[in-house]
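The values are calculated or read from the model by the stated rules, or taken from the named source; none is laboratory data. Fair warning: this is a prediction, and the values are worked out from it, not measured in the lab. So basically every Cβ, Gly included, is an ideal-geometry build from the backbone, and we count neighbours across all protein chains shown.
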């Protein structure tokens, strides 16, 4: 299935029905909660200091509820009225704004102690009209510049998002750095297809004091890495029947595909029981 | 749920509107009071961010005269409680916010202000 951001603009995609569906889905709730906790961890706020946070793309307030639980006061912006309506029904604690983040914010300088945003940035990467203010770089720049001034010095902003290519990551980071932010991309579980999560971790000020956080790695240690063994050289040559072994067998194919996935190559076919299976003879 | 805390941080963001764009003026405001948990530390931490004069003027416009005109040097518990009430417990549910400079109207419905701009107003 194609990504939702490719189907329609957010305020239309998240209509009444989709907004309810999204909020009720327990799997969504779980994922959203996990990412919010991780984002808060990356925000690295000083403990025991009540902070005022901005939730960018707050939607129905799934992550806002967690912010409230954790003792933060927050304000949220979103462009989908239906989502905000659901948020009102759920009686979330934060102040809500109907706002297009690509148009920039009007918050006064230094208003917020930090900002988080879960699964939002990818929505900024599609142009809806041909007007010059609708181009993704323009919207990204406007967004990052106004956000930069709205944040306190020093502070952080953490965005989880779903990039569909390396070019998108580059465009977003370039716009953010141009707006005056420091920082960059943190990838959790980079070698896993499902658990992989991309976070954009931006710093305001701090004079080089801020340290880039490390991405999480999977628990399973990769100790299966082969050391060099001469024995192997012999094995490859011939099998026990004296026939030459296939060089590009199933294992080799799987290994290659895994490598391409790690490198982020697009369109690598899925693994299945048919992978590398011999075809029937031609006649 | 526009509270005065966010209103005090909000200025107009339309194209070319860079001076005299704060604070936005309330019009036809319908107010609701809702209790919130009192957190003196948070209020103290917030004080440097608050524009005192704008806050007092807005509160007066909404019929709340409990704050002194000048920001006092010392903050006692009594004052923090009043601040807490004004900042976090007064909700504007319906009405409009109008930019004093470019007269852009941000309508508030159901407690949610509509901050969307038309195409020609985007900077």
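Quick look at the numbers
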read-out	value
Qualifying residues in segment A:20-63 (those that are within 14 Å of chain B (Cβ to nearest Cβ) and not in a loop (DSSP other than H, G, I, E, B)) - the one farthest from residue A:216 (Cα to Cα)	A:52
Single residue of segment A:84-99 satisfying the filter (under 20 Å from residue A:14 (Cα atoms) and surrounded by fewer than 21 Cβ atoms within 10 Å (Cβ to Cβ)) that is nearest to the other protein chains (Cβ to nearest Cβ)	A:88
Selection status of residue B:68, in a loop (DSSP other than H, G, I, E, B) and at negative phi	yes
Boolean, residue A:116 is more than 14 Å from chain B (Cβ to nearest Cβ), touching a helix residue (DSSP H, G or I) at 6+ places or on another chain (Cβ under 8 Å) and within 20 Å of residue A:9 (Cβ to Cβ)	no
Residues of segment B:96-107 satisfying the condition of being part of a strand (DSSP E or B), more than 13 Å from the chain's Cα centre (by Cα) and more than 10 Å from chain A (Cβ to nearest Cβ)	B:105
Test: residue B:92 is within 18 Å of residue A:105 (Cβ to Cβ) and within 13 Å of chain A (Cβ to nearest Cβ)	no
Of all residues in segment A:270-283 being surrounded by 10 or more Cβ atoms within 10 Å (Cβ to Cβ) and within 32 Å of the chain's Cα centre (by Cα), the one that is nearest to residue A:187 (Cα to Cα)	A:271
Boolean, residue A:109 is surrounded by fewer than 22 Cβ atoms within 10 Å (Cβ to Cβ) and within 11 Å of chain B (Cβ to nearest Cβ)	yes
Criterion (within 10 Å of chain B (Cβ to nearest Cβ) and modelled with pLDDT of 90 or more) met by exactly one of A:132, A:81	A:81
Qualifying residue in segment A:187-196 (condition: at negative phi, at pLDDT below 85 and not assigned by TED's automatic domain parsing to the domain that holds residue A:57)	no
Those residues of segment B:45-55 which are at the interface with chain A (Cβ under 9 Å from one of its Cβ atoms) and assigned to a helix (DSSP H, G or I), in sequence order	B:45, B:46, B:48, B:49
Matching entry among A:59, A:76 (being touching a helix residue (DSSP H, G or I) at 6+ places or on another chain (Cβ under 9 Å) and at positive phi)	A:59
Boolean, residue B:22 is under 23 Å from residue B:91 (Cβ atoms), in contact (Cβ under 8 Å) with a residue 12 or more places away in the chain and either within 14 Å of another protein chain (Cβ to nearest Cβ) or touching a helix residue (DSSP H, G or I) at 6+ places or on another chain (Cβ under 8 Å) (or both)	yes
Counted residues, segment A:174-194 - those being in contact (Cβ under 8 Å) with a residue 12 or more places away in the chain, surrounded by fewer than 19 Cβ atoms within 10 Å (Cβ to Cβ) and part of a helix (DSSP H, G or I)	1
Residues of segment A:157-173 classified as surrounded by fewer than 21 Cβ atoms within 10 Å (Cβ to Cβ) and touching a strand residue (DSSP E or B) at 6+ places or on another chain (Cβ under 8 Å), total	4
Segment A:112-156: number of residues that are in contact (Cβ under 8 Å) with a residue 12 or more places away in the chain, surrounded by fewer than 23 Cβ atoms within 10 Å (Cβ to Cβ) and in a loop (DSSP other than H, G, I, E, B)	3
Segment A:48-77 - residue that is in contact (Cβ under 8 Å) with a residue 60 or more places away in the chain and over 13 Å from residue B:39 (Cβ atoms) and, of those, surrounded by the most Cβ atoms within 10 Å (Cβ to Cβ)	A:55
Which listed residue, of B:83, B:88, is closer than 22 Å to residue B:51 by Cα and either surrounded by fewer than 16 Cβ atoms within 10 Å (Cβ to Cβ) or without any contact (Cβ under 8 Å) to a residue 60 or more places away in the chain (or both)	B:83
Residue check, residue B:33 more than 27 Å from residue A:80 (Cα to Cα) and either away from every other protein chain (no Cβ under 13 Å) or surrounded by fewer than 19 Cβ atoms within 10 Å (Cβ to Cβ) (or both)	no
Options B:80, B:117, B:88; residue that is over 15 Å from the mean Cα position of the chain (by Cα) and in a helix (DSSP H, G or I)	B:80
